[in-house]
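None of the figures in this text is laboratory data; all of them are computed from the coordinates on show. Note that this is a predicted model, so its numbers are computed, not measured. Every residue, glycine as well, gets a Cβ built from its backbone with ideal geometry; the counts of neighbours run over all protein chains shown.
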């Protein structure tokens with residue numbers, strides 16, 4: 001099997017059209033078609049882009065060896081999850097935090113500092129009631145009233 005045939009196999013396995021596959025790589029559907037047909041050679045840069053964007057094993061494209069897709073994490077967050085043994089809920093919490101607007105992240109940090117740090121000594125978390133973080137602004141279906149209520153909670157002294 002040629003490199004072009006392997007690219008076509010990868011694209012079909014992903015269920016992508018020539019256009020969708022090429023869009024993520026910054027090339028046209030004609031360019032992908034020419035690669036698949038062997039009319040255009042794959043550059044090392046294109047191979048690396050395919051591997052990065054679609055989590056494909058480099059050796060599979062180059063030599064036809066190994067598994068089609070890599071087991072490596074695709075994002076920094078996934079790498080952190082593996083490194084620190086984070087479960088799906090941990091990942092969701094981190095994702096939610098990093099997508100918060102800076103003002104809300106600052107409020108969360110301030111609350112954590114007040115609640116869990118006293119100078120150089122840490123307070124025992126088990127003595128405190130759990131903190132519930134509502135994030136209506138992350139919900140595409142949230143109403144303006146829900147978002148305003150959540151913002152008010154985040155800005156209050158109780159949070």
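Subtracting the Cα-Cα distance from 0.36 nm times the residue separation, let me have the gained length for residue 24 to residue 65 in nm, one decimal. Walk me through the numbers before you get to the answer.
Numbers: separation 41, 0.36 × 41 = 14.76 nm, distance 2.44 nm.
Contour length minus Cα-Cα distance gives 12.3 nm.
Assuming R0 = 41 Å, can you tell me the calculated FRET efficiency for the pair residue 39 and residue 80, based on Cβ-Cβ distance, to the nearest 0.05?
The calculated FRET efficiency here is 0.45.
Can you give the Rg and Dmax of region 3-63 based on its C-alpha atoms, in angstrom?
Computed over the Cα atoms of region 3-63, radius of gyration and Dmax are 10.0, 25 Å.
Tell me, in nm to one decimal, what length is gained between residue 9 and residue 87 on full extension, where the rule is 0.36 nm per residue of separation less the Cα-Cα distance?
Result: 24.9 nm gained on full extension.
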